[in-house]
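Here the structure is laid out as structure tokens; the discussion comes afterwards.
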Amino acid sequence: PGARAEASEVRGLLESAGIACDHMSGAAATKEAVMSALPRASIAHLATHGCPDGLFLAGDADPERPSLSTVDVYGLELSAELAVLSACDTFKGELRTDGVVGVARSFLAAGVSSLAVSLWKVDDAATKELMVQFYGRYITGADAATALRDAMRAMITAKKWSHKEWAAFVIYGL
């Protein structure tokens, strides 16, 4: 439920830093639209519902299957410096001898340099606040790992949420 508000705030932060955004929400957030926009993105922020096999998009209504699957993402050619999969369980997947195979790995294989993903189910309000804190630091020049660390420190200082509500996010990749 908080994905729309989160995406709106993140868009505002990015645009205030001069970063152009293709904002999609509701019925406009379809698999086709997202797959078309991702290859052009320098930063991809996907605030949605996730599972190890992919992401659910608001414009696609099948509650049983992710709209944007791991296989779909593997087929893309991406050049984004950062993708943020702001959803539950986006770092989960099948454990194999060469690592975890899931939606996170598909973004890296498709060409994304760095990826922010979650290790467990996350709280909407806490995630929105964490993302606002993160982008506030990232757009001023901090690298993704430092921006996330400092955003988490801000969450600790605020003493509003339990660490279980926001600490699921990690930076993966370069």
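The values are calculated or read from the model by the stated rules, or taken from the named source; none is laboratory data. From a predicted model like this one, the values you see are computed outputs, not experimental measurements. Cβ placement follows ideal geometry from the backbone for every residue including glycine, while neighbour counts extend to all protein chains displayed. Protein only, heavy atoms only, side chains kept; ligands, DNA and RNA dropped before computing areas. Shrake-Rupley method; radii C 1.70, N 1.55, O 1.52, S 1.80 Å.
Considering only protein heavy atoms, what per residue accessible area in square angstrom results for the range 18-161 with a 1.4 angstrom probe?
Each residue of the range 18-161 exposes 48 Å² on average to a 1.4 Å probe.
How many nm is it between the label spots at A61 and T146, if each spot is 7 Å from the Cα in line with the beta carbon?
4.7 nm
Student exercise: in the chain, how many lysine pairs 8 or more apart or on different chains have Cα atoms under 24 Å apart?
Lysine pairs, 8 or more places apart or on different chains, close enough: 12.
If you average the alpha carbon positions of the range 1-35 and of the range 88-143, how far apart do those two centres end up, in angstrom?
About 16 Å separates the Cα centre of the range 1-35 from the one of the range 88-143.
Using helices alone, what [θ] at 222 nm do you get for the chain, with -39,500 (n - 2.57) per DSSP H run of 4 or more residues, divided over all residues and rounded to the nearest 500?
Taking each H run of at least 4 residues, the total per residue is -11000 deg cm²/dmol.
Using a 1.4 Å probe over the heavy atoms of the protein chains, calculate the carbon and sulfur portion of the accessible area of the chain as a whole percent.
53 percent
Based on C-alpha coordinates, I'd like the Rg and Dmax of the range 8-157, in Å.
Gyration radius and largest Cα-Cα distance of the range 8-157: 14.7, 43 Å.
Which of the GluC sites (Glu not before Pro) found in the range 36-86 are in a DSSP loop and have at most 12 neighbouring Cβ atoms, other than their own, within 10 Å?
E64, E77
Please report the Cα spread of the range 1-93 along all three principal axes, rounded to whole Å, starting with the longest.
37, 30, 23
As I understand it, the dipole of the range 85-159 uses +1 on the Cβ of Lys and Arg and -1 on the Cβ of Asp and Glu, about the Cα centre. Which of G111, A147, T97 lies farthest toward its positive end?
The residue sitting farthest along the positive end of the dipole is A147.
PRE reach from V71 (point 7 Å along Cα→Cβ): which of the range 85-102 fall under 17 Å by backbone N?
94, 101-102
Go from 0 up to the bin containing the longest alpha carbon distance in the range 1-43, width 5 Å each, and give me the % of pairs per bin.
Distribution as computed: 5, 21, 27, 27, 17, 2 percent.
Can you put K159, K164, K92 in order of accessible area, largest first, using a 1.4 Å probe?
K159, K164, K92
Can you tell which of L95, L82, L108 shows the greatest fluctuation in a Gaussian network model of the chain with Cα springs below 10 Å?
L95
By DSSP, what percent of the beta bridges with both residues in the chain are antiparallel, rounded to the nearest 5?
Among the beta bridges of the chain, antiparallel pairing accounts for roughly 60 percent.
At 7 Å along Cα-to-Cβ for each site, give me the label-to-label distance between I139 and S8 in nm.
About 1.6 nm separates the two model spin labels.
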